[in-house]
Amino acid sequence: MSFTSEVKDELARLQAPRRCCRMAELSALMRLEGSLHLRGPHRITLHTESENAAVARKMFSLLRELFLLSPELRVEKAPRLKGHNCYCLFLGEEAQVAQVLNELSLLDHAMRPVMGVSPRLTRRPCCSAAYLRGAFLGGGYVSKPESPAHLEINVRHSEMAEGLARLSERHGLEMHVTRKRDFFCVYTKSRREQIDLLAFMGAHRAVLRLQSDAVFKEMRAEVNRRVNSETANLERAVDAAQRQLRDIKRVQEALGLETLSPALREVALMRLEHPEASMQELGACIHPPLSKSAVYHRLLRISRIASAL
């Protein structure tokens with residue numbers, strides 16, 4: 001199951017406590033998943049399609065709970081879904097259908113389609129969250145946690161796309177609108193906006209997974225940074241030790257270590273004895289112990305002597 005399907009399954013199982021929220025969610029779902037068919041004056045049928053069984057079940061239960069309607073459910077093989085199941089709901093020509101569509105703000109009082117987001121159904125924050133949840137269930141996509149952040153809702157009309165963007169902005173969520181072929185896309189590529197929108201809609205399990213993945217990525221990046229830093233430090237220490245050994249041997253061959261002062265001779269002998277030790281470790285081996293800075297400056301003096309040969 002894809003991450004988008006997991007998120008939709010989680011959202012479809014949420015039960016809004018208020019009737020107004022359930023109305024808003026069903027309105028958005030019907031807007032994105034439904035098709036209206038006019039059969040004559042006040043004769044309307046509604047047909048919805050969904051590739052997600054949980055979403056189809058959600059629409060069926062909301063229609064029955066809110067309006068006591070029992071739509072016909074069919075399961076078909078859709079060529080556009082590569083032969084996967086498509087769950088279709090059909091509402092016949094009952095006189096109640098037109099009234100239901102009007103209450104859901106899908107038709108106005110003159111029985112004309114309403115293209116944008118209904119202000120009447122999204123006045124409260126809880127209803128706005130439910131409406132966005134229904135819109136995502138109907139046409140949403142979210143990238144998996146290990147991929148770059150991307151969340152989008154695809155709609156058929158520009159009025160609906162602009163309405164969803166304004167509705168998101170009203171609650172501090174920045175969404176952008178673009179056109180893709182025959183539909184409009186409301187999207188964000190920000191991980192923070194992606195998480196905030198999913199949390200606003202109620203997908204808390206998905207939010208936890210995204211946040212835990214982000215923490216894991218940050219920890220892995222920090223470990224890699226530290227390993228790279230330690231590796232670079234080790235390489236620099238090895239290179240420095242090799243240069244010091246070459247300088248000491250050059251002085252030893254040309255002049256002899258006995259020509260060095262006692263302080264320099266002591267450090268040179270200790271470096272020859274411990275070629276792999278760091279300067280701090282060399283200082284600890286000398287009695288009395290020397291600081292890292294003192295060891296460095298003594299070796300630097302030896303290097304200058306070697307360079308002058």
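What the table below lists for this structure:
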read-out: Scope the stretch 99-116; condition closer than 17 Å to residue 29 by Cα and of a type in the set (A, V, I, L, M, F, W, C); matching residues; value: 100, 101, 104, 106, 107, 114, 115
read-out: Which numbered condition residue 181 misses (of (1) closer than 24 Å to residue 6 by Cα; (2) assigned by TED's automatic domain parsing to the domain that holds residue 12); value: (1)
read-out: Test: residue in the stretch 92-107 that is modelled with pLDDT under 80 and charged (D, E, K, R); value: yes
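Here is a yes/no grid of residues against (1) modelled with pLDDT of 80 or more; (2) in the same structural domain as residue 73 (by TED's automatic domain parsing); (3) not hydrophobic (A, V, I, L, M, F, W, C):
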residue	(1), (2), (3)
19	yes, yes, yes
22	yes, yes, yes
30	yes, yes, no
35	no, yes, yes
39	no, yes, yes
42	no, yes, yes
46	no, yes, no
50	no, yes, yes
56	yes, yes, no
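The values are calculated or read from the model by the stated rules, or taken from the named source; none is laboratory data. Worth saying up front: this structure is predicted, and the values here are computed from it rather than measured.
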